[in-house]
Structure formats: C-alpha cells, structure tokens
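This report refers to the structure that appears directly beneath it.
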Amino acid sequence: MDTLKAIAGRSSVRAYTDEQVSAENLNTVLEAGCAAPVGMGQYDKMHITVVQDKGLLSRISERVQQMMKRPGDPLYGAPTLIMISSAEMPMPGLDYADGSCIAENMQLAAMELGLGSVIIWAAGIAANADPELKKDLGIPDGNKAVISIVLGTPAVQPPEKKLGVTIDVNYVR
C-alpha cells in the first residue's frame with residue numbers, strides 16, 4: 001500500500017465485530033509499533049501490553065465509564081486493546097510523544113491489514129488511577145500508561161478519504 005494512501009485512509013473506527021484479531025495480524029501490528037521512532041533510542045523504557053481477555057476488557061471499560069460519567073462501551077466492542085506504557089523519560093512529554101508514534105504506526109499497519117482502530121486515551125488514565133488494574137495488566141513497576149488503541153474488524157467500513165489540508169497552517173518564512 002502507498003504510504004500517503006494509508007495515512008489518508010486511516011480513520012477512527014468506533015464499532016467492531018466480535019471476531020478476534022489473528023495472531024499473524026496482531027504480530028504485524030506489534031512489529032509496526034516496535035519500528036516507531038523513540039526519543040533518544042530509549043526503547044527499553046517503553047512497554048506494550050496486549051489485552052484480549054474479555055473480563056479484563058470489561059473491567060477497563062467499566063472503569064473508563066465511571067471516570068467519564070457516560071454510558072456505553074468506551075472500547076466500542078473491540079476484541080483487542082493495546083496499551084503503551086513508559087518509564088520516566090529524561091525530557092517532559094517524551095513518553096507521550098513516543099507512545100503516540102508507536103500507536104500511529106500500529107494504526108497504519110492495522111489499516112493496511114483491513115483492521116480498524118481508534119485511540120482510547122482514557123484507558124491509560126484508568127489504569128494509572130487503579131493500582132490493582134495496572135498490576136493485572138502487567139504494566140511494569142515505575143511505568144505509566146501513556147496511550148492505548150483498540151483494534152479489530154470494523155463493523156462498518158469507514159468512508160474513503162483523500163489527503164488534503166484541513167488544519168490551519170501558518171507559514172513563517
């Protein structure tokens with residue numbers, strides 16, 4: 001797939017089938033995430049947690065619902081959640097920047113494989129606020145969850161998009 005087409009075509013999917021992501025596709029998505037740039041090459045400070053256990057997904061969903069005070073499944077019925085966590089980095093915000101690069105690589109790979117994804121920011125906040133949940137997720141001591149995505153087969157195919165400038169751009173020359 002052409003890189004620019006993949007970038008333009010990636011969209012946030014908020015409805016999934018029950019079909020679990022195949023081991024092969026999951027591995028491809030994880031490999032794409034691990035190929036992302038990480039500030040100062042500190043890959044050893046990053047950690048990826050893959051959650052496919054329905055009971056744990058339900059706990060995360062319930063915790064996020066409580067925090068957001070909104071009904072409905074904040075994981076959109078996706079069968080897989082991928083949470084990226086980081087140890088303390090030498091510069092403020094580097095953990096979030098690195099986690100975001102990892103997540104976007106995974107989302108682009110998922111799109112190429114015909115899978116849907118969406119960032120679930122609140123899942124990390126929920127994990128960080130609940131020590132028991134954080135432990136059950138296997139997030140290493142000293143790490144904090146910085147970003148999560150859900151992954152699965154879209155219940156409805158997203159509309160086709162094309163590249164175009166939609167964000168205000170300021171040129172300083």
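The values are calculated or read from the model by the stated rules, or taken from the named source; none is laboratory data. Please read all numbers here as calculations on a predicted model, not as lab measurements. With ideal geometry, Cβ positions are generated from the backbone for all residues, glycine too; neighbour counts draw on all protein chains shown. To get the accessible areas, we keep the full protein, side chains included, count just its heavy atoms, and leave off ligands, DNA and RNA. Shrake-Rupley method; radii C 1.70, N 1.55, O 1.52, S 1.80 Å.
Can you list the helices (runs of 4 or more DSSP H) lying wholly within the range 85-148 that have 3 or more residues being among the acidic types (D, E)?
Helices (runs of 4 or more DSSP H) meeting the threshold: 94-112.
Go through the range 153-172 and give me each residue that's touching a Ser or Thr at 6+ places or on another chain (Cβ under 6 Å) and not β-branched (V, I, T).
Within the range 153-172, A155, P158 meet the criteria.
When you go through L133, L81, L113, L163 one by one, which is the residue that is more than 24 Å from V13 (Cβ to Cβ), touching a residue at least 40 places away in the same chain (Cβ under 8 Å) and not basic (K, R)?
Result: L133 is the single residue among L133, L81, L113, L163 that is more than 24 Å from V13 (Cβ to Cβ), touching a residue at least 40 places away in the same chain (Cβ under 8 Å) and not basic (K, R).
Of the residues G72, G77, which single one is modelled with pLDDT under 95, open to solvent by less than 60 Å² (accessible area, probe 1.4 Å), assigned to a loop (DSSP other than H, G, I, E, B) and not hydrophobic (A, V, I, L, M, F, W, C)?
Answer to the check: G72.
Across the range 7-47, what is the number of residues that are without any contact (Cβ under 8 Å) to a residue 40 or more places away in the chain and assigned to a loop (DSSP other than H, G, I, E, B)?
So the answer is 1.
Against the condition at pLDDT 95 or above and over 19 Å from V29 (Cα atoms), how does N105 come out, does it pass?
It is false that N105 is at pLDDT 95 or above and over 19 Å from V29 (Cα atoms).
Do we have S86 as touching a Lys or Arg at 6+ places or on another chain (Cβ under 7 Å), at pLDDT 95 or above and either open to solvent by less than 60 Å² (accessible area, probe 1.4 Å) or not charged (D, E, K, R) (or both) here?
In short, yes.
Considering only the range 71-98, state which residues are aromatic (F, W, Y) and in contact with a Phe, Trp or Tyr (Cβ under 9 Å, 6 or more places away or on another chain).
The one that is aromatic (F, W, Y) and in contact with a Phe, Trp or Tyr (Cβ under 9 Å, 6 or more places away or on another chain): Y76.
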